[in-house]
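Nothing in this text is a laboratory measurement; each read-out follows from the coordinates by a stated rule. None of the values given here were measured: they were computed from a predicted structure. Cβ: placed from backbone, ideal geometry, glycine included. Neighbour counts: every protein chain shown.
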Amino acid sequence: MTTAVQKYTGETITEDQFNELVQTMNVAVLTMSQRSSFLYFYAKSLGLDPMTKPFDIIPGQSGKLIIYANRACSDQLRKLHKLNIEEKYSGPLLVGSEERKDTWIVKVRISNPDGRFEDHIGAVGIEGLSGESMSNAIMKCYTKASRRGTIAFCGLGMLDETEVSSIPGVVVDSPNPNAPPVPVSKPKMLDSRPLPAAAPPAKL
């Protein structure tokens, strides 16, 4: 028999569900209402605006549902932590002294006001590309480096939107920056009191 450890929208998350979330972040173990509320409060815990839908979900192996960070997430993290992104290199991939004409890489340095910095790389295949296709590939490469770097710099151990788009069979819709925000209802609570932070089960 499982032990209740957390309540969200009136449905109790069991010890089994809690352990699965902590170990794998597989939200398939939650009901739809639990999932919506979990994503809402997960975003709030990171200082993000949950109404902008900073996380999306894709199907993984063995029926799992995996959370990934989209553009809204990386943009908000960059603003929240006042991150600066500086391009350090953009050009063909260099392997020793050999220049690979089929791969373009972008190296960026991400830093915060405290002086901490990390270097991150994005790479895309460019073989056979030219003109606008080549331009789009280079822009995508910069986006991959900056967004993935932002997610890693902030310590989020999850995929980001640019990585998900490279997974076979997965389609990621590019958000329209001119589109009005889609209203999202705040998950219903049992009462008006703030939801307490989840605590580890008393017995494992």
Query - Which listed pairs, of LYS107/LYS144; LYS53/LYS79; LYS44/LYS144; LYS82/LYS140, have C-alpha distances above 19 Å, in listed order - result: LYS44/LYS144; LYS82/LYS140
Query raised in the report: Working out 0.36 nm times the residue gap between ASP16 and LEU65, then minus their Cα-Cα distance, what length gain in nm do you get to one decimal?
Result: 16.0 nm
Query raised in the report: In µm²/s, what is D for segment 101-157 at 37 °C and 0.692 mPa s, where D = kT/(6 pi eta Rh) by Stokes-Einstein and Rh is the Kirkwood radius from Cα pairs?
Result: 271
Query raised in the report: Near the amide H of THR12, under 5 Å away, which other amide H atoms are found, from residues 5 or more places off or on another chain, if H is placed in the peptide plane?
Result: none
Query raised in the report: What base-10 log of the normalised intensity I(q)/I(0) is obtained for segment 49-110 from the Debye formula, alpha carbons as equal point scatterers, at q = 0.13, 0.19, 0.24, 0.27 Å⁻¹?
Result: -0.64, -0.85, -0.92, -1.02
**Report entry** Estimated distance in nm for a label pair at ASP114 and SER45, the labels positioned 7 Å out from Cα along Cα-to-Cβ
**Finding:** 2.0
**Report entry** Computed label-point distance, nm, for sites ASP102 and ALA28 using a 7 Å Cα→Cβ extension
**Finding:** 3.4
Requested in this report: Between ALA123 and LYS82, take the C-beta separation as r, use R0 = 30 Å, and let me know the FRET efficiency to the nearest 0.05.
Outcome: 0.65
Report summary line: PRE zone check, label point 7 Å out along Cα-to-Cβ of SER90, amide N under 12 Å, scope segment 107-125, hits 107-108
